[in-house]
Each structure stands twice: as C-alpha cells, then as structure tokens.
1. Does F106 satisfy the criteria of being closer than 30 Å to G126 by Cβ and aromatic (F, W, Y)?
2. Given the conditions (1) within 16 Å of the chain's Cα centre (by Cα); (2) touching a residue at least 60 places away in the same chain (Cβ under 8 Å); (3) closer than 18 Å to P164 by Cβ, report the number of the one that S37 does not fulfil.
3. I need the full set of residues from the stretch 41-93 which are among the small types (G, A, S) and either touching a His at 6+ places or on another chain (Cβ under 9 Å) or under 23 Å from G6 (Cβ atoms) (or both), in order please.
4. Hey, among L209, L177, which residue is over 15 Å from V100 (Cα atoms) and assigned to a helix (DSSP H, G or I)?
5. In the list E13, E52, E97, which residue meets the criterion of being assigned to a loop (DSSP other than H, G, I, E, B) and surrounded by 17 or more Cβ atoms within 10 Å (Cβ to Cβ)?
Amino acid sequence: MIQIRGLAFDSPEGRPLMEGLDLDVPRGGNLLVSGVSGSGKSRLLKVMAGTERPRRGEVRIAGHLIWPGDGALALAGRLRMGFAFAAGGLLSNLSLEDNVALPLRFLGLPPVEVVRRTGAALERLGLGPVSRLRPHAISGTARKHANLARVLALEPELVLLDEPLEGLDAADRALALALIQAWAGDPACTLVMASEEPQALPGLEADYLQLIPPPLPMESP
C-alpha cells in the first residue's frame, strides 16, 4: 500500500528532520509512528497524505506516485483515504454533519448514501446531538471525534491518524480506541498512526517506527 524510498524532509523552520527513509507498509498492515514532539511524526503523515512536499524522495500509495508528483491530486478518485489531523482539519463554516458528508459528496455517492453514512458515523462517535453545530461551538474532544467520524464515513482503504487519543478522558479514549482497533483488524484497511504514547494502545498489532529528532546544531561561541 505504501512504498517510500530515500525520503527527506524538514521542519517548518527548515531544520532537517528526516534523511533517507525507506519504508514499506503492506495493504492491510498497521504502522505506529512514535517519537517526541518535534521528531517529524505529523510531517511524515502529511507527506504520506500528499499534502506536504518532501525535500526529496519517492512516495507511492497503492501504486500511484505522489512524490515527486502532484501529491494528493494523484489519488483523487483512486483511493479512499481518511486523514484525522491532530488539531483542526474541520471547515469552520460548515456544520459537523456537512464536514463529514463533504468527502462523500466529492466521491459522487448518491445523496441517500451520503445521509446514511454521515448519520451512522456521527452516531458511532457520539456526535448525533451536536451534528448541526459548527466546530467553534463544540468541545475539542468533539472536534477530534468529528475528524474520526469523517474518516469512518469514507469506509477507507487507508487511514492516517495523528495523535487521535491526545487530550481525551477515559471514556472518550475508549470510544476512539475501539474504532482504531476495528480499522487495525480489517484486512482491507491499512492504518498508519502517529502517537507520543504508544503504550496507550494495548493489544494493537502493528509495526513500529521510532522517530528521533536530529541534534540541534551547535552555536559558535
């Protein structure tokens, strides 16, 4: 599903974070990317999603070359990929319902199917009562769950999750974890997840990639 060769990318400030990564994630496989804040976890997921261009390297998703190339546009209409951001990711001028439905409409699904999938995903994440509200009117936890609901509604072949459990209490964490375990156990779904706390994912069968940030350059006296 994912083939990466010679990948290199930098932090937003231009500091090198990755040099020469080779990585293969098979279809139906699970990969947990761990590391401290600033090690490049989020950046790696965005490169995989085709939303951030690496400095160099080749990235193929389901056989489609996205880097070097057109990024996420190379996957349009070819792969159901869901990406849940660590923060944000929802359109502020749309209700949760419309945020979840938007990718389904982009796929050209019949309206009745859009309504069915959207409603089911929102209910699964406990968001039915707030589905007509916009992101600014709900809690941070609800926004994280709305990102997961949008992924769920796609019935995805590839799931990219960035810190999906961060900041959740025990009940909400259990809700998210049950969904993550379902994706991880689905042979038709490939899961890549970034987390600073891999120990919070008991029983998750996955390969592990530990990112270590490079040392900061020494300042001249």
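No lab work stands behind these numbers, since they all come straight from the coordinates. Being a predicted model, the structure only gives us computed values, none of them experimental. Cβ placement follows ideal geometry from the backbone for every residue including glycine, while neighbour counts extend to all protein chains displayed.
1. Details: closer than 30 Å to G126 by Cβ: yes; aromatic (F, W, Y): yes.
So F106 passes the test.
2. Condition not satisfied by S37: (1).
3. We begin by selecting, within the stretch 41-93, every residue among the small types (G, A, S); these are 42, 49-50, 57, 62-63, 69, 71-72, 74, 76-77, 82, 84, 86-89, 92.
If the condition is that a residue be among the small types (G, A, S) and either touching a His at 6+ places or on another chain (Cβ under 9 Å) or under 23 Å from G6 (Cβ atoms) (or both), then S42, A49, G50, G57, A62, G63, G69, G71, A72, A74, S92 are the ones that fit.
4. Numbers: L209 fails: assigned to a helix (DSSP H, G or I).
Going through L209, L177 in turn, just one is over 15 Å from V100 (Cα atoms) and assigned to a helix (DSSP H, G or I): L177.
5. Working: E13 fails: surrounded by 17 or more Cβ atoms within 10 Å (Cβ to Cβ); E97 fails: assigned to a loop (DSSP other than H, G, I, E, B).
The conditions single out E52.
For (1) surrounded by fewer than 18 Cβ atoms within 10 Å (Cβ to Cβ); (2) closer than 27 Å to R53 by Cα, each residue gets a yes or a no:
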residue	(1), (2)
L75	no, yes
F85	no, yes
G88	yes, yes
F106	yes, yes
R117	no, no
E123	yes, no
G140	yes, no
R150	no, yes
L158	no, yes
